[in-house]
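First up is the structure itself, then whatever we jot down about it.
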Amino acid sequence: MADEHTAREIGLAVRRVLLAGREMQSAMARRIGVRVTDLQAVDHVEAAESPIGTVELAARLGIRSASATVLVDRLVEAGHLTRSADPEDGRRVMLAITDHARVEVRQALAPLIARITTITAALDDDQAETVLGFLDDIVTAMREPTDHPG
């Protein structure tokens, strides 16, 4: 178990990771010519375990449904997302990332992924398992407030 000083240092390191992630996201959005919220939307659509619609996307981004509709219109027009009717509910629109956007995002992330791969390769199996468990716990902790509003 980490002592109080080490726990504080780890907390500060997590904060630095989060800040660096935001900085990277802003730089990446500029690089591919979209707004940060647009990039976040593309990321949510790609990362979703099952297809999502505009209302779901709005909830994930913390924006109003009308704002999400404008955002989706912009991303469809730019060739980053497609819309299609939900086969089970024709009134519902499903969103998907285009191959073009997927390639563009992967190319933009390639240098970072290469650096992370190099860092990860230096870990032994026990270290990798510890880091993975720690990161999963951090993700769970970060999602908890949104899972339980109040």
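Every number in this text was worked out from the coordinates using simple rules, so none of it is lab data. Computed from a predicted structure; not experimentally measured. Here the Cβ positions follow ideal geometry from the backbone for every residue, glycine too, while neighbour counts run over all protein chains shown.
Things to note:
- Among PHE134, VAL93, VAL36 the positive-end extreme of the charge dipole of the stretch 1-135 (Cβ point charges): VAL36
- Dipole in debye (nearest 20) - the chain, about Cα centre, beta carbon charges: Lys, Arg +1; Asp, Glu -1: 940 debye
- Helical content of the chain, expressed as a calculated mean residue ellipticity at 222 nm, amounts to -24500 deg cm²/dmol (DSSP H runs of 4 or more residues, -39,500 (n - 2.57) each, divided by residue number, nearest 500).
- Shape category assigned to the stretch 72-139 from the gyration tensor of Cα positions, a/c cut at 1.5: oblate
- Close amide H pairs (under 5 Å, H built 1.01 Å from N) link LEU81 with VAL76, THR98, residues at least 5 positions away or on another chain.
- Annotation note: trypsin sites (Lys or Arg not before Pro) in the stretch 46-77 located in DSSP loop regions with a Cβ neighbour count of at most 12 within 10 Å are ARG64.
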